[in-house]
Each structure stands twice: as structure tokens, then as C-alpha cells.
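The values are calculated or read from the model by the stated rules, or taken from the named source; none is laboratory data. Note that the structure is predicted; figures quoted are calculated from it, not measured. Virtual Cβ from ideal backbone geometry, glycine too; neighbours counted across all protein chains shown.
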């Protein structure tokens, strides 16, 4: 993917999140490096479409993403 990269600083050191943006697409990538389920809220991300979920159980509701231990998700948003 060509375009920009922006890392998000989160309070939880076990979560890594970054954004990739091209001329026609914005995606958020989030990795949960912990052994626990996590709820993640990232400012400016209201809702989106889950494009990839390593465990098949992630949800992306308004402002909050829920995902499993050791999971990664990719969310496309506006």
C-alpha cells in the first residue's frame, strides 16, 4: 500500500495500533500482544468494516473494538 503511516500511542503497552492511508483507502491495524481479551478505543475512529481478523471474533462498534488474545485486526474506515 502506498501512502502514509501513522502510529497511535495507546495507554496499554500490550496493544499496538497504526494507520495506513492511501488516496482512496484508510485502514487501521491493531495487534493485541496480551493473553487477555481487550477493548480498544482510538480517538477519531467511530466505526469501520473489519477486513481481516486473525481469530474471526473481532467486533468493531462505534468507537470500540473488541478482540481476542494474541489477535490482529485490520479495519477500513472513513
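One table, with the values for the structure above:
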item: Residue selected from the stretch 8-26 under the condition under 14 Å from residue 43 (Cα atoms) and surrounded by 10 or more Cβ atoms within 10 Å (Cβ to Cβ), by the criterion farthest from the chain's Cα centre (by Cα); result: 10
item: Counted residues, the stretch 47-77 - those being surrounded by fewer than 16 Cβ atoms within 10 Å (Cβ to Cβ) and touching a residue at least 40 places away in the same chain (Cβ under 8 Å); result: 1
item: Selection count where residues are over 14 Å from residue 8 (Cβ atoms) and touching a strand residue (DSSP E or B) at 6+ places or on another chain (Cβ under 7 Å), scope the stretch 23-32; result: 1
item: Answer residue from the stretch 30-46, given it is over 13 Å from residue 75 (Cα atoms), within 12 Å of the chain's Cα centre (by Cα) and surrounded by 14 or more Cβ atoms within 10 Å (Cβ to Cβ) and is modelled with the lowest pLDDT among those; result: 38
item: Qualifying residue in the stretch 54-68 (condition: at pLDDT below 90, in a strand (DSSP E or B), in contact with a strand residue (DSSP E or B) (Cβ under 9 Å, 6 or more places away or on another chain) and farther than 17 Å from residue 12 by Cβ); result: yes
